[in-house]
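Asker: The structure is given below, and queries will be raised subsequently.
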Amino acid sequence: MIADRAYSSRAILSHLRGRDIRAVIPQLADQFSHRLRRGRHGGRPPGFDRDTYKQRNSAERCIARLKHWRGLAMRTGKLAIAYQAALHLAAILIWARR
């Protein structure tokens, strides 16, 4: 999972670790300093790969294209299957235009 700095909380990272999902999320500066201030009780810093994090741009651009579809952006479909069908349709049309 590649995410921005806003998702670097301890709860999110522990949830991902519990599901064996490798996360590439940079630490906030205040979290980094807090961990260092705690010394050896601060724990090990989370793994971070700069090259993988740079590739998040393509995923963010794809999500931005999907949000051009008003129904997907606002989640107007109440059923999950309807939302998934709209997502597939949008992805096919985006792919076909390329």
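The values are calculated or read from the model by the stated rules, or taken from the named source; none is laboratory data. Bear in mind that the values here come from a model prediction, so they are computed numbers and not experimental data. Counting neighbours? That spans all protein chains shown, and the Cβs are built from the backbone with ideal geometry, glycine included. Please note that ligands, DNA and RNA were not included when accessible areas were found on the heavy atoms of the full protein model with its side chains. Shrake-Rupley method; radii C 1.70, N 1.55, O 1.52, S 1.80 Å.
Asker: Pop out the ³J(HN,Hα) list for region 45-57 in order, Karplus 6.51 cos²θ - 1.76 cosθ + 1.60 with θ = phi - 60°, rounded to Hz; leave Gly and Pro as x.
Answerer: x, x, x, 8, 10, 4, 5, 5, 5, 5, 6, 5, 4
Asker: Taking the inverse of the average 1/r across all pairs of different Cα atoms in the chain, what Kirkwood radius in Å do you get? Please list the in-between numbers first.
Answerer: Numbers: mean 1/r = 0.0621 Å⁻¹.
Computed over the chain, the radius equals 16.1 Å.
Asker: Let me ask something additional. As an exercise, use a Förster radius of 22 Å and the Cβ-Cβ distance of Asp20 and Ala80 to find the FRET efficiency, rounded to the nearest 0.05.
Answerer: On the way: r = 24 Å, r/R0 = 1.10.
The calculated FRET efficiency here is 0.35.
Asker: Could you state the accessible area per residue of the chain in Å², with a 1.4 Å probe and every protein chain left in place? Before the final figure, lay out the partial values.
Answerer: Working: 8150 Å² over 98 residues.
Result: 83 Å² of accessible area for each residue.
Asker: Take the solvent-accessible surface of the protein heavy atoms, probe 1.4 Å, and return the percent of it on region 48-89 that carbon and sulfur atoms account for. Could the numbers behind the result be given before it?
Answerer: Working: 2030 of 3550 Å².
Looking at region 48-89 in its full context, I get 57 percent from C and S.
Asker: What distance in nm separates the two pseudo spin-label positions at Ala11 and Trp95, each 7 Å out from Cα along the beta-carbon direction?
Answerer: Label-label distance for Ala11 and Trp95, simple model: 3.6 nm.
Asker: Shifting gears a bit: Of the chymotrypsin sites (Phe, Trp or Tyr not before Pro) in the chain, which ones lie in a loop per DSSP and count no more than 14 other C-beta atoms within 10 Å? Working shown, then result.
Answerer: Numbers: sites: Tyr7, Phe32, Phe48, Tyr53, Trp69, Tyr83, Trp95; in loops: Phe48, Trp69.
Loop-located and lightly packed - Phe48.
Asker: So if R0 is 35 Å, what FRET efficiency would Cys62 and His41 give, r being the distance between their Cβ atoms, rounded to the nearest 0.05?
Answerer: Values: r = 40 Å, r/R0 = 1.15.
With R0 = 35 Å, the Cβ-Cβ based efficiency is 0.30.
Asker: Using a 1.4 Å probe and counting only protein heavy atoms, arrange Arg65, Arg10, Arg44 so the residue with the most accessible area comes first.
Answerer: On the way: Arg65 100, Arg10 175, Arg44 210 Å².
Solvent-accessible surface, decreasing: Arg44, Arg10, Arg65.
Asker: Now a separate question. From largest accessible area down, sort Ile63, Ile81, Ile25; use a 1.4 Å probe on the protein chains. Don't jump to the answer; show the numbers that get you there.
Answerer: Details: Ile63 90, Ile81 125, Ile25 5 Å².
So the residues, ranked largest to smallest area, are Ile81, Ile63, Ile25.
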